[in-house]
């Protein structure tokens, strides 16, 4: 879930395990006639949390939404449903859009691809003979991309190895890095395949505004 939110340009801030006011959740539980969640060791009421508080922004508009994430299998349990209902009523009182997301709602292949890209979002820890090495590799990759029309990605990588001196594996590292930073696009909903056409990659201008807004929040 976090990777999906972090990738979205519409999301300006993400807060995980957002604490709820315990006095308010106690009142809601009492109104429902159910036990408030407790710490199993101390037997005292816990501070309930919402998995994700999400700030959305587009232009001059903004919105706050709350999302709870649970395995679908747990929704058969009455106690889980009671806790979710406490949370739903809490945010309803505050006028905040609340929703429940299960593992069945999440796009598995997209998440797998985002995790794969995220590993190469930064190349600072990668071995390099000089500080500008990976920046130069990225520049070479992008400069050669228009020449590869009609090639498969595998053929393009071979071209980079033969004409630009890329070591085996470097082209894939650069592709993942560029895609992770939204400098090129790949189909996140499909399994990555080296036989895909280079034409499926699109060079884009990185949208830094949303990232900068999130970092400054």
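Here the contact order of the chain, divided by its residue count and restricted to Cα pairs under 8 Å and six or more residues apart, works out to 20 percent. Projected over all directions and averaged, the alpha-carbon convex hull of the chain occupies 16.1 nm².
Compute the relative contact order of region 2-105 as a whole-number percentage, counting only Cα pairs closer than 8 Å that sit 6 or more residues apart in sequence. Could you put the intermediate results ahead of the total?
Working: 145 pairs, mean separation 27.2, N = 104.
26 percent.
What whole-number distance in Å separates the alpha-carbon centres of region 1-74 and region 86-110? Centre-to-centre distance over Cα atoms comes out at 8 Å.
The length gained on full extension between residue 163 and residue 42, counted as 0.36 nm times the residue separation minus their Cα-Cα distance, comes to 36.9 nm. The peptide list 151-158, 191-198, 112-119, put in order of mean Cβ contacts within 10 Å with the highest first, becomes 151-158, 112-119, 191-198.
Sorting 78-87, 59-68 by average packing, meaning the other beta carbons within 10 Å per residue, from highest down gives 78-87, 59-68.
Summed over qualifying helices (DSSP H, 4 residues or more, each -39500 (n - 2.57)) and divided by its residue number, the chain shows a 222 nm mean residue ellipticity of -12000 deg cm²/dmol. For the listed peptides 100-106, 46-52, a ranking on the average number of other beta carbons within 10 Å per residue, highest first, reads 46-52, 100-106.
In region 108-216, Cα pairs under 8 Å separated by at least six residues give a relative contact order of 36 percent.
Were the residues from residue 126 through residue 73 laid out at 0.36 nm apart, the gain over their Cα-Cα distance would be 15.0 nm.
Over all orientations, region 93-194 has a Cα convex hull whose mean projected area works out to 9.6 square nanometres. Each residue, residue 118 and residue 27, gets one label point 7 Å from its Cα in the Cβ direction; the gap between the two is 3.7 nm.
Every number in this text was worked out from the coordinates using simple rules, so none of it is lab data. Since we're looking at a predicted model, the values are computed, not measured. Methodologically, a virtual Cβ is constructed for each residue, glycine included, from the backbone with ideal geometry; neighbour enumeration extends over all protein chains shown.
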